[in-house]
């Protein structure tokens, strides 16, 4: 299967602090990849490099067959890369519907009528249609997380990057979110999902990758990765023979 995303030797440092260390990996079309690692490991920085929020010092980012390494964030979004943020960042003084219109018009470049149709469809799919006219700043956590997801989907992504979208949710809320992400994946959208709620990841992803100090340290079948000595010692913080 063709790759929709690939990183080849991608490196980024701020002085002595390296946030991405020679990262090389790829994502197949339609695949879901889970990413885990300690706080401060460079997971969100990796998303920033993929989306163009920051530029790599060296290495290559390819998306849908094109070298996008030096493309600005807006161009990458229009090409089909969308993301959610770890801390929801809605336009609080705008309604839920208006937030989604921003995603459709600015992210996907849709004209007003098509943008409105897209926003309403996505709100329905993400369970937010009844909240369409609610001010986004007043939403509870689950619905703010859903709005992050909805706004990203309104950009009509080929690749969806999810940053700890299950954090802070109750078990039932997490189950509902997992089902929503499964539904999105069934439409053919490729997914990279950073998450500390590991059981949520394992319910969705095909592969698991572990990041530590900006470097990929393990990658493979999810259950095998979670059982590995290296992951237990570095990510879980316990001795492998404990």
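What the table below lists for this structure:
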item: Search result, residues across region 126-147 that are at pLDDT below 95, in a helix (DSSP H, G or I) and surrounded by 16 or more Cβ atoms within 10 Å (Cβ to Cβ); result: 142, 143, 144, 145, 146
item: Residues being over 12 Å from the mean Cα position of the chain (by Cα), modelled with pLDDT of 95 or more and either surrounded by 22 or more Cβ atoms within 10 Å (Cβ to Cβ) or not in a loop (DSSP other than H, G, I, E, B) (or both) - total across region 155-178; result: 1
item: Evaluation of residue 13 against (1) at pLDDT 95 or above; (2) surrounded by 17 or more Cβ atoms within 10 Å (Cβ to Cβ) (one fails), failing number; result: (2)
item: Subset of region 198-222 [out of contact with any strand residue (DSSP E or B) (no Cβ under 7 Å at 6 or more places or on another chain) and closer than 27 Å to residue 17 by Cα]; result: 212
item: Residue satisfying all of: in region 93-109; assigned to a loop (DSSP other than H, G, I, E, B) and modelled with pLDDT of 95 or more; surrounded by the fewest Cβ atoms within 10 Å (Cβ to Cβ) among these; result: 93
item: Members of region 203-235 that are touching a residue at least 24 places away in the same chain (Cβ under 8 Å), surrounded by fewer than 16 Cβ atoms within 10 Å (Cβ to Cβ) and not in a loop (DSSP other than H, G, I, E, B); result: 219
item: So residue 34, is it modelled with pLDDT of 95 or more, in contact with a helix residue (DSSP H, G or I) (Cβ under 9 Å, 6 or more places away or on another chain) and on the phi > 0 side of the Ramachandran plot; result: no
item: Residue that is surrounded by the fewest Cβ atoms within 10 Å (Cβ to Cβ), among those in region 28-64 that are over 15 Å from the mean Cα position of the chain (by Cα) and free of Cβ contacts under 8 Å to residues at least 12 places away in the same chain; result: 39
item: Boolean, residue 19 is in the same structural domain as residue 167 (by TED's automatic domain parsing), free of Cβ contacts under 8 Å to residues at least 24 places away in the same chain and touching a strand residue (DSSP E or B) at 6+ places or on another chain (Cβ under 8 Å); result: no
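The values are calculated or read from the model by the stated rules, or taken from the named source; none is laboratory data. Model, not experiment: these values are computed from the prediction. Every residue, glycine among them, receives a Cβ derived from its backbone with ideal geometry; neighbour counts consider all protein chains shown.
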